[in-house]
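The next block holds one structure in the form of structure tokens; read it before the comments.
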Amino acid sequence: MRNSALWFRRFGEPEQVITHEHSELARRPCAMLRVQMRYAPVNPSDLIPITGAYRHRVMPPRIVGYEGVGVVSDADNPEWIGKRVLPLRGDGTWQHWVDCPQQWAVPVPDNIPDLLAARGYINPLAAFVMLKQWPVRGKRVLLTAANSSCAALLAQWATIQGATEVVGVCRSEDQKPMLLQSGIRPLITDDHEGLRIIAQQADVVFDAVGGSLATLLLSHLQADADYVSYGLLSGDPYQAKSYATRPQRFHLRDTLAVTDSNKWQQWFVELWPLLASSQLPEVQLFALEEWRDALREFAVSGRRFKPVLAM
């Protein structure tokens, strides 16, 4: 049996360095589940490491992809065979077959469709854990990159948790209506005076951008506010200087490094009902060999659609 996978063997722009490769499928290692993949989405977290931005943590050669859903086809325990799982924390998911450690495989409930389950890890778990670490009941929440998938979930779940208001920073006027429909008060990144005012009023900031925007917000936050940096979409850090509040960093990978498998599994038990009632972008499907088209769609859609590789 042969496997088909998308690799990156050197750093560079994803369109230039990803290769579609075929190989003989090796024997399944003991204590691992062999999962036949169904769907795997395209996320920033899949593509950014390919550029070398996280070269201190992620080095090629590697198969691309961090999340997705599939069906167990082979296992030491036959009770696993035929079950739908998220084969996480194993090899990359942009391939037809994934071998996954059994203790990290997340069973998918029957009421969760494949295309929702495939997106149930990177953004949902990050939003879920951040709201556990920085609860927002009775607080005003400020989000940057408010049109991103993770920020959209933060906004929805912060409202459920009891936030008094959610304000979202976006790049352009045409992004405002979508935020308003989601109950988010929008602000444009160029509205520096509006950003100064809301920063002075905010209780919790979840920032995925960094750079000059983060520096502006940090310069005006009150001492008792929480600033949480969970991304660096601008490619630049905030300026290093003294602020009234102490910036805090969140990275899902760091959190998972100190999380045992029982806690990991319990998170998903709590997460599935939240995810089932959440609004997510519509999906556009691409075959694995159409990965270039999927990346182009990801770049131009403005996150209105989620490109998903169908195996």
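Of interest is the spacing of the C-alpha centroids, which for region 272-310 and region 163-195 amounts to 23 Å. Full extension of the chain between Val258 and Tyr54 gives 71.5 nm of extra length, using 0.36 nm per residue less the Cα-Cα distance.
Extents of region 52-95, taken as max minus min of Cα coordinates on every principal axis and listed largest first, are 40, 17, 13 Å.
Inter-label distance, Glu193 to Glu15: 4.0 nm, where each label sits 7 Å from its Cα along the C-beta direction.
Per residue, how much accessible area does region 166-311 have with a 1.4 Å probe, in Å²? Before the final figure, lay out each step's value.
On the way: 7600 Å² over 146 residues.
Heavy-atom SASA per residue in region 166-311 reads 52 Å².
Taking Cα centre as origin and charging only the Cβ of basic (Lys, Arg, +1) and acidic (Asp, Glu, -1) residues, the dipole magnitude of the chain rounds to 460 debye. Note on Phe286: accessible area is roughly 30 Å² with a 1.4 Å probe, heavy atoms of protein only. Projecting label points 7 angstrom from Cα along Cα→Cβ for Leu216 and Gln265 puts them 4.7 nm apart.
Here is how the number arises for the chain: DSSP H runs of 4 or more residues each give -39500 (n - 2.57), the sum is divided by the residue count, and the result at 222 nm is -8500 deg cm²/dmol. Only protein heavy atoms count here; on that basis, with a 1.4 Å probe, Trp291 has an accessible area of about 10 Å².
Accessible area per residue was computed with a 1.4 Å probe on protein heavy atoms; Tyr66 scores about 50 Å². Just one of [x] 61, 39, 35; [y] 66, 55, 36; [z] 59, 48, 38 is Cα extents along the principal axes in Å as worked out from the coordinates here. Which one is it? Evaluating Cα extents along the principal axes in Å on these atoms matches [x].
Taking one quarter of the surface of the C-alpha convex hull of region 166-284 gives a mean projected area of 9.7 nm².
Which of the peptides 183-191, 161-169, 40-48 is most tightly packed, and how do the rest follow, going by the mean number of other Cβ atoms within 10 Å of each residue? Could the numbers behind the result be given before it?
On the way: 183-191: 16.8, 161-169: 20.1, 40-48: 21.8.
Averaged packing, sorted descending, gives the order 40-48, 161-169, 183-191.
Please list Met130, Met311 from largest to smallest accessible area, probe radius 1.4 Å, with all protein chains kept in place.
Numbers: Met130 0, Met311 55 Å².
Accessible-area ranking of Met130, Met311, largest first: Met311, Met130.
The values are calculated or read from the model by the stated rules, or taken from the named source; none is laboratory data. On a predicted model such as this, the values are computed, not experimentally measured, just so you know. Here the Cβ is made from the backbone with ideal geometry for all residues, glycine too, and neighbour counts use every protein chain on show. Heads up: the accessible areas ignore ligands, DNA and RNA and are worked out on the full protein's heavy atoms, side chains in. Shrake-Rupley method; radii C 1.70, N 1.55, O 1.52, S 1.80 Å.
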